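Each remark here refers to the structure printed beneath this line.
Every number here is computed from the coordinates shown, using simple stated rules; none is lab data. Just so you know, these numbers come straight off a predicted model, no measurement behind them. FYI the Cβ positions are ideal-geometry reconstructions off the backbone, even for glycines, and counts take in every protein chain you see.
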Amino acid sequence: MILYFRDNFFNAGRTEIVNEYREPVGVVDLRSAFGSALDVFGGDGRPLFAGKFRLLSNRWTVTDASGRECGLLRHRMSFMSKRFEYDRYGVGTFEITSPAFSRDYEIRDAKGGLVVSFQKVSGWFESSAFRLAVHTGWIDGYEWVAVIMGMHEIRKRHHHAAG
């Protein structure tokens, strides 16, 4: 499964999720410019997943359509790479890594197997856009959209705090 999705420049509004043929297969709804929360909808308009920051924390919570928490994303300190960890409750912990200055990321399971790869495919003055390739089907691709957008929100928070 290959999905393309993006952020909005003002961090609010709806953007399409498209497949490798550029056909619409879902929507990301960035709820508000004043907060960091989002909803992910399938191609039929059904809500599938949501993501938001935990209160007074830099940890991103992913919930399913019923509002049940299904995982937690957190940043991991690293000297020459970008590292995150997604704890998918009942499944395991996945490591998200990217070399320093790279736009390519890998998500690996606890045994080191490649589960997902994704790239930031946008330019400097564009809203961030991503290409997601799901290699194994343990976790729904739309859940990975919520996780990757959460990682993007965490990175934006760190960037604004440093500036």
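For Asp7, Asp64, which order do you get if you count the other beta carbons within 10 Å of each Cβ and list the fewest first?
Details: Asp7 22, Asp64 16.
Lowest to highest Cβ neighbour count: Asp64, Asp7.
Could you pull the Cα extents of the chain along its three principal axes, largest to smallest, in whole Å?
41, 37, 33
Would you mind calculating the relative contact order of the chain from Cα pairs under 8 angstrom and at least 6 residues apart, reporting the percent as a whole number? Before the final figure, lay out the partial values.
On the way: 360 pairs, mean separation 30.8, N = 163.
Relative contact order for the chain comes out at 19 percent.
Out of Tyr105, Tyr21, Tyr142, any idea which swings most in a Gaussian network model of the chain, alpha carbons joined below 10 Å?
Tyr21
Would you order Glu143, Glu20, Glu106 from fewest to most other beta-carbon atoms within 10 Å of each residue's own beta-carbon?
Working: Glu143 22, Glu20 12, Glu106 16.
Placing the least packed residue first, the sequence is Glu20, Glu106, Glu143.
Compute the Cα gyration tensor for region 67-115, then decide on rounded, prolate or oblate, letting a ≥ b ≥ c be the square roots of its eigenvalues: rounded whenever a/c is under 1.5, prolate when a/b is larger than b/c in the other cases, and oblate in all that remain. Let's see the in-between values first.
Numbers: a/c = 2.41, a/b = 1.72, b/c = 1.41.
Prolate is the answer for region 67-115, as a/c is 1.5 or above and a/b outweighs b/c.
Can you give the alpha-carbon Rg of region 6-86 over 2.2 N^0.38 Å, where N counts its residues? Write down the numbers at each step before the final one.
On the way: Rg = 14.2 Å, N = 81, 2.2 N^0.38 = 11.7 Å.
The reported ratio for this selection is 1.21.
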